[in-house]
Every structure is written in C-alpha cells, then in structure tokens.
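Structure record follows, encoded as structure tokens.
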DNA sequence: TTGAAAGCGCTACCAG
DNA sequence: CTGGTAGCGCTTTCAA
C-alpha cells in the first residue's frame, strides 16, 4: 500500500480547477482570482498537499541549494564558521546541502557529486580542492568558494580567507612589543596549511624585529599536542618567556601545561593563541589571541552565491585579523 | 550567453547512441556492452557531462536526501552529535540538507519546507516539533525523529534520546557514594527541557538517599552563567561541598569559579558535569561527568531513515548514559 | 483569469 | 544489448 504522494492534479480535481490553477495558487505573484486561490488552498490543506520542490527545481532549471563541504564540524572554530554561514545562507533563502569529508582526496570525489545536485554554489572549508576539479565546477556554471584558507599557485575558483600570514606578523609584533624576548612556537604546520602561513608571517616578522626563535614544536592541531609541546618547551633548560600557539586549541593545551608546571602566566611565560574561539574569553583561560574575522569572511562568501562564474570572475579576498588583548600576554605600556 | 548545461541527449548525439544508452552507462548494474559504455563515458567527459540528480530524483520518486534541523551547531555537544550523524548518514549514502533554526516556533515553519524536498527522513535536534506538524510529516510518509530530548505527552513521531533522568539519578548516586554531603545544583532548567529531566532524576534520587539539596541556581546554559551561579553558591555562608552542573559548559564555569575563589577541587568542593564533551578530558578541567551515548543515539536514529512510518511505527528509544570518573569528584573507596 | 499543451532531464518499460 | 516511447510533478507559454 504505497500511498502515492498527492500531486497538483489531485488538488485540481478536488478543487474543480485545472492543474495550472493549482500551480498559480502556490506562486506568489501569479494572476489568479482570489476565489480560485481560496478553493485551491482549501483543497490542498484538505488533501495534505505541498508542492514538490524537486519537480519545481527541475523545471525552473535552477534551485536554491548550495553545497557546503567541510572536514570537521566538531572543530570549534569551524563550527562557528559553519553556524554563521548557515544562518546567512538561510537568511538569503538558500538551502545548505552539507558534506563532511575527512581525507584530502575525498574532497575531489565529493565535489562532482555535489555538482549533480545543481547547487547554486559550493563552499569548501578544511581543505582545498584540486584545481582541475574546481575548474570543472566553474565550467558547469557553479561558483566554488574556498573559505578560510589561502591557495597557493594556479587555482581557478573563489578564495576568501583570513590573512593568516598577517596574523602571524601581528603575533610577533604584539609579543615583542609587550616585552617578551625568548619566544617559542607551538604549531601544527605538518597537518594544516593555514598554520604554515601563520608560522611564515610570524617568523619573518620576528626576524625583522631582530629576534630569533627560542624554540619550535610541531604536532597535531589538538589540545593534547599543545600540552605536550609546551611541556617539552617549558621544562627545557633555556625556558622561553612566551609561546605563540598557532591555534587556540594548542594555546589551551599550553596554558594547562604552564599551570601544571607551576608557572605564572604571563609573568613567567606569556601565551598567545590564534582564532579567538568562544572559550578564549573564559576566565579559566582568558587567552590573548589573534581574532579571525569570521563574519567578514562569510559576508564576502555570500556575495558569490547565485552569480555565475561566467559573469563574476573568481576572486581572491584576504580579510585582516586583529589582536585581542587578554590576560595571557604581558601588557605593553 | 547562458550556457545550457549539457544533457544526456547531447552526450548521446556525440557518442552516436540513444539517450537510454547514456542512462545505462551511468547506472551501475545496467545491461550495456562494455564498448558503448566506454564510448558514452568518453563523450561525457569530453562534454563535461554529469547526470542531473534533480531529474533522477523526480523520476525515481525517492531520493537520498535527509533533513537535519538543529538549533545551534556551535553548541559543543550538538556539534559532536552532528558530526557523528553526518558521518553515518553519508556512509549510508544519504545527503543531509541542513537547517538551522533559532526560535522554537521556527521549527514548525521549517518542517513543511523540508518536506517539500521529499526527504527520506527528518532529524530534529534542539527542540521538539509541534505534534500536529510532526503528524503531517508522518502522514506524507516521512519519518520524523527527535534526537536527544525526551517528549512528554502525546507525540506521534520517533524519539530517541539519552535517558536524561537516569543520568540525573546517576549523578546523585555517584556524588553521595563519593562522600559528598552538601550538594548544590547548577542548571539551566528555565531554558532547556533536557536539563529539567536531569534535575528531576537528580533531586528524586537525592531524596531517596536521604539527602537534601544544599543550593540551587538556574541560568543560561553557558559557561558565564555556570561561573556566576557557582560564585554565588560557593561564597555563601554554608558552602556546598559539591556541585552537580547539568551540562559540562556549566561545570567548566563552576570550576573556573572555584579556582578563582581559591578552593581546592575536589577536596573543598566536588564538581560533576553532564555530556562528556571533548574538553572534559583536558587536564585543565579533568571533569568527572555523565557521558551521553552519542554513538548509540545516532545508530538508533539511522535505522529509521528510509523506512516509511506506515511500515515502521514511531518508536521511543531511551539510551542509558554512564558515569565517567575523573578528577573533580572525590574517589569513592 | 483560465485551461490545454509542451516540455524540464531523466529512467523504465517496451519491442526489436 | 539496444532504441523508441511514455511519463515523474511541476511551470509556463499560448489561446481562449
């Protein structure tokens, strides 16, 4: 007994009108008499009818679906980005089709699939698609937009990101300006390309300021790894007087390590993070950090959806981050 | 110059075969000669053709879309649930259409919209839909599944949740068994119905154990609120010797408050959370908590997708949580 | 304002 | 194995 979903024809029959009339009754600015509209709406509710969005999509040859591809929604920072993106997308009348992929290669597999759903745009976070794959999307008329990571080399799609390298430079500036002189780095460059840019900006600026790195630890982008890295750094002979951690998660780990070693923050050791997730403002951490401009990134991204790559040529946008002073770095005078 | 997307007909023409052949070449177990399949695939890549999923959905009268409606993806606990759900859904070949709603009423508005996309199931987290709205979905043949919150009264859909009340009872058991005798409650019952169940179980069990509540604070479900509540409780004349916080977020706030007041945890005051989010295991908090069985909830939820409510009658499933002993509660002997 | 008819791009069923 | 044909449920001309 597979109950066939009620269609516009069913409603038309009950309301005693044509199928076209039903369609019009559900189309905002269509020319229908108020009388027929009422009759149709009534028959519709009676039968439990609702227009089939799939059929509508097919005939309109366009839909309000957008693809969102991301690596890890549980990642605190990404989840904030996602929330913001979802809110704004829905506010603009779009429906996000969400894909989670874990491995790098899966991004390239998933994009063509997303494309088949005739989405109006594809947003990618957590990795960068293969240029060829991106090109094929663009070719099909679908803008592809990489969020929050910079793409080096030839890449045909939209890229809109926080200026991670500038963030790294800011970090060096602030730490040195606050009086820290033996600065070490806790990072995850091996796993995350965004961290590479942060490290690059940081080390370059440090050099410009006449400082040398007092230590370096690379690991996973996790609290545990930050903890372990900081433990090594802070219990070594020549203890650093500040740690630049290339993400807040790493910084939280470092802070917990400093605490465990009985060090006073920031007097004994300053800690600077990157991202400015919600937790950074918690009194338990009160983390000084480099704030990523999530809102600006999302706003900028939104401007691409619905615009064919043919008319709106792919652009690369870099949004500047800024320093947020809290209690884990010395206060500059 | 609106470049019409290439269709199966275009490919058929180039490959010198019929449209049916093209369709077959893209259908896994169809009967096509290897020769034609090759020719078609080649013509397809040449033209940049990919089957239109929308059209396919329409004709197949079923699709692999599922609706996921949630309140706050940035909520640490929900984001874990979401990640898990997404992973398993994709693993099973489904495509999640994600909706974020903030206000209670919006849930009822959004469900009919989701329904229009002919989704195979709808998962709701963060609120409970109006029974009538749920019924209309069920009526349309789409299972609706409320995740992680219990529904009181008449409700026609699936409900699969952690047994929050049992979790509350466990909390009382563990705290008392560990030797805490002046136990206060930090919660957010005013805003979250899940917390209500936790509180109910907790207070009832406490009573059964012959204990009385040593304090009670209600507020927002945030770190800030937990901090403020604990501050009030712990600086009052008759200081509690343990705090049951109905979520980990509240507990983190309470822990920060205890630390700020110079209290030793758990000697001076024990703290017990609820959820067991990742952060609870961080050494900085090392929070004892009640673990929510996210995996079990998701597995159970998955079994409903694709099964018509007509054949699989709506069920209510309650999954038991368990206690996780860490460093913020006294160790029972 | 209304209804009839022609598809949207595809799959499924039929003969061949 | 293959090509024609008939729709999926809807919107949209086009006449009336």
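None of the figures in this text is laboratory data; all of them are computed from the coordinates on show. The shown structure was predicted, so the numbers you read here are calculated from the model rather than taken from an experiment. Positions of Cβ are backbone-derived with ideal geometry, glycine not excepted, and every protein chain shown enters the neighbour counts.
Computed over Cα pairs, the Kirkwood radius of chain B leads via Stokes-Einstein (1.306 mPa s, 10 °C) to a diffusion coefficient of 70 µm² per second. Take the alpha carbon gyration tensor of region B:287-333, find the square roots of its eigenvalues, order them as a ≥ b ≥ c, and report rounded if a/c is under 1.5; if not, report prolate when a/b exceeds b/c, else oblate. It is prolate, given that a/c is not under 1.5 and a/b is the larger ratio.
Taking Cα atoms, how many degrees apart are the long axis of helix B:76-91 and the longest axis of chain B, rounded to 10 and kept between 0 and 90? That helix lies at roughly 30 degrees to the long axis. Is the shape of region B:225-308 rounded, prolate or oblate, going by the alpha carbon gyration tensor and its root eigenvalues a ≥ b ≥ c, with a/c under 1.5 for rounded and a/b larger than b/c for prolate? Note, shape of region B:225-308 comes out prolate.
Shown for residue A:112: label points 7 Å from Cα along the beta-carbon vector, and their distances to the equivalent points in the other copies, 4.1 nm in ascending order. Convex hull volume per residue, computed on the Cα atoms of region B:17-157, equals 138 Å³.
Sorting the Cα pairs of region A:1-76 by distance into bins of 10 Å, from 0 upward, gives 17, 38, 23, 11, 9, 1 percent per bin. The ellipsoid equivalent to the alpha-carbon distribution of region B:54-130 has semi-axes of 22, 17, 7 angstrom, derived from the gyration tensor eigenvalues as √(5λ) and listed largest first. Taking 7 Å steps out from each Cα toward its Cβ at residue A:286 and residue B:116 produces label points 5.2 nm apart.
Computed from the Cβ-Cβ distance with R0 of 51 Å, the FRET efficiency linking residue B:38 to residue A:238 stands at 0.20. Taking each residue as 0.36 nm, the span from residue B:216 to residue B:139 lengthens on full extension beyond its C-alpha to C-alpha distance by 23.4 nm. Take residue A:130, move 7 Å from Cα toward the beta carbon, and the resulting point lies 4.9 nm from the same point in each other copy, nearest first. Dividing the summed helix terms, -39500 (n - 2.57) for each DSSP H run of n ≥ 4, by the number of residues in chain A produces a 222 nm estimate of -13000 deg cm²/dmol to the nearest 500. Here each label is just a point 7 Å from Cα along the line to Cβ, and for residue A:296 and residue B:60 those points are 4.4 nm apart.
Arranged from fewest to most other beta-carbon atoms within 10 Å of their beta carbon, B:236, A:31 become A:31, B:236. Take residue B:190, push a point 7 Å out from Cα through the beta-carbon direction, and compare it with the same point in every other copy: 4.9 nm, smallest first. Does the protein assembly as shown classify as rounded, prolate or oblate by the C-alpha gyration tensor (a ≥ b ≥ c root eigenvalues; a/c under 1.5 gives rounded; else a/b over b/c gives prolate, otherwise oblate)? Because a/c hits 1.5 or more and a/b fails to exceed b/c, the protein assembly as shown counts as oblate.
Look at where the Cα atoms of region A:145-174 and of region B:287-333 average out, and the two centres are 40 Å apart.
Cα convex hull, region B:91-215: 128 Å³ per residue, rounded to a whole number. Just to verify a number: FRET efficiency for residue A:191 and residue B:154, C-beta to C-beta distance, R0 = 51 Å, to 0.05? Result of the calculation: an efficiency of 0.50.
Entry note, chain A: relative contact order of 15 percent, from Cα contacts under 8 Å with a spacing of 6+ residues. Taking every DSSP bridge with both residues inside chain B, close to 10 percent are antiparallel. Across the alpha-carbon set of region B:164-292, the Rg to Rh ratio works out to 0.92, Rh being the Kirkwood radius. Segment residue B:102..residue B:18, full-extension length gain: 25.2 nm, with 0.36 nm per residue of separation and the alpha-carbon distance subtracted. One chain, two ends: residue A:177 and residue A:87. Fully extended at 0.36 nm per residue, the span grows by 28.6 nm beyond their Cα-Cα distance.
Between region B:25-93 and region B:104-141, the alpha-carbon centres lie 23 Å apart. Once the Kirkwood radius over Cα pairs is known for region B:8-51, the Stokes-Einstein relation at 20 °C and 1.002 mPa s delivers a diffusion coefficient of 218 µm²/s.
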